[in-house]
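Since every read-out is calculated from the coordinates, none of them should be taken as a lab result. Model, not experiment: these values are computed from the prediction. Reconstructed Cβ throughout: ideal geometry from the backbone, glycine too, with neighbour counts over all protein chains shown.
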Amino acid sequence: MPPRPAIPRPTAARVSLYLRELEVRLDRGQITVRSRELGDSLGFTDAQIRKDLRLLGLSGHPGVGYGIRDLLGRLRRLCGTDHECPVAIVGAGNIGRALLSYGRFETEGFRIAAVFDADEAKVGERLGRSTVRSMSELRDRVQRLGIRIGIVATPPESAQEAAERLVEAGVDGILNFAPRRLELPTGISVTEVDLSMSLVNLSLQIALSRMNRVEQAAPRTKRSPRTRPA
C-alpha cells in the first residue's frame, strides 16, 4: 500500500472543528451528515470538507454522506484521543487552576495526570483531584505516568525552562499559554495559545469590518465627463 500523503497543517487544524461539530450533531440524535451540511455549519465548502477527509483517509457513501458515530471514532483514533491521554501542567497559577477546572478535557479523552510548580509554597496544595508537585519530581512522574503532552502555564520568564524540562522528561508536544515563543528541538510539536494576541486579532477584525461597512454606506460621487482640449 502506498504511503499516505503528508497532511497539510490547515487540514490538521480543521480536524478539531470537525470533531466538535460532529459531537454536537450526535448529541442531537443525528445519524448521518453530508459534506455540504458540515461546510454550511463551519463556513467551508463541501469540496473542502471532502478533500480534507480524503487526505485523512476517510470517505463517505454516495447519496448518504458520513455515518457520524463512525466518522467520530475514526477521527478520534487518528488524533489519539480514542483512549485516555494523560497530560501534565507546569504552573499552578491562575491559568493552571482554570485549566484544572475545565471539564471538557476528560470528555475529549484528556486527563490532567500531574501538576507541577517551581514555587515551593504551592507544593502539596490540593487542586481538585490533583496535588501540586515540585519540579524536582517532574521527570520521574512524567515518565512513570506515560505522559506525552505537557501544558506550560507559567509566567513568560519561566516558560522556556518549563518546556525544556518537559521535553527532557519525554513529552512529544506542548500547549503553551505563556506569552512568549518557545525554542525547542525539531520534532516537538508546539501549539501557542496567546490570549492577548487573540484579542488583538479580534479587535482588528472588528475594525476592518467597521471600515468596510462605512465604505459601503458612503455615497459614490459621479465623475464629471472629461472635456477634450479645443
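Observations, loosely collected:
- A dipole drawn for the chain from +1 and -1 charges on Cβ atoms has a positive end, and of Thr131, Gly65, Ile112 the residue lying farthest that way is Gly65.
- Built amide H within the under 5 Å cut-off of Phe110, gap 5+: Cys85
- FRET efficiency for Glu157 and Glu125, using Cβ-Cβ distance with R0 set to 35 Å, rounded to 0.05: 0.95
- Check: the chain dipole with +1 on Lys, Arg Cβ and -1 on Asp, Glu Cβ, in debye: 1560
- Here the peptides 131-138, 115-122 are ranked by packing, the mean other Cβ count within 10 Å, and the order with the highest first is 115-122, 131-138.
- The chain: relative contact order in percent, alpha carbon pairs under 8 Å with at least 6 residues between: 12
- Working from Cα pairs under 8 Å separated by at least six residues, relative contact order for the stretch 9-77 is 38 percent.
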